[in-house]
Amino acid sequence: MKKVALVTGAASGIGQAVAVEYARRGTAVVGGYLPSDPHDPHETETQVRDVGGECLIVPLDVTQTESVN
């Protein structure tokens with residue numbers, strides 16, 4: 001079974017770095033980002049794919065129940 005990591009804040013900074021590192025280690029990544037984040041979350045998707053990883057980018061605000069359901 002393939003491992004999958006849910007990474008919050010994946011559009012930039014530490015979240016982006018974590019997503020790319022998981023991908024380097026063979027873990028598929030679901031990258032959550034705040035829709036209000038000014039950074040392009042698809043840059044993270046590109047970086048993950050560049051290291052041979054799988055990535056799904058989704059809008060996610062863990063402070064909002066309806067975003068998580």
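The values are calculated or read from the model by the stated rules, or taken from the named source; none is laboratory data. Nothing here was measured: the structure is a model prediction, and the numbers come from that model. Using ideal geometry, Cβ is built from the backbone for each residue, glycine included, and neighbour counts are taken over all protein chains shown. These accessible areas exclude ligands, DNA and RNA; they are computed on the full protein's heavy atoms, side chains included. Shrake-Rupley method; radii C 1.70, N 1.55, O 1.52, S 1.80 Å.
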Quiz item: Within segment 38-56, which residues are acidic (Asp, Glu) and within 18 Å of residue 27 (Cβ to Cβ)?
Solution: 45, 50, 54
Quiz prompt | Residue selected from segment 16-33 under the condition small (Gly, Ala, Ser) and open to solvent by 10 Å² or more (accessible area, probe 1.4 Å), by the criterion farthest from residue 60 (Cα to Cα) | solution = 26
Quiz prompt | Whichever residue in segment 34-50 is open to solvent by less than 40 Å² (accessible area, probe 1.4 Å) and out of contact with any Cys (no Cβ under 6 Å at 6 or more places or on another chain) and, among such residues, is nearest to residue 65 (Cα to Cα) | solution = 41
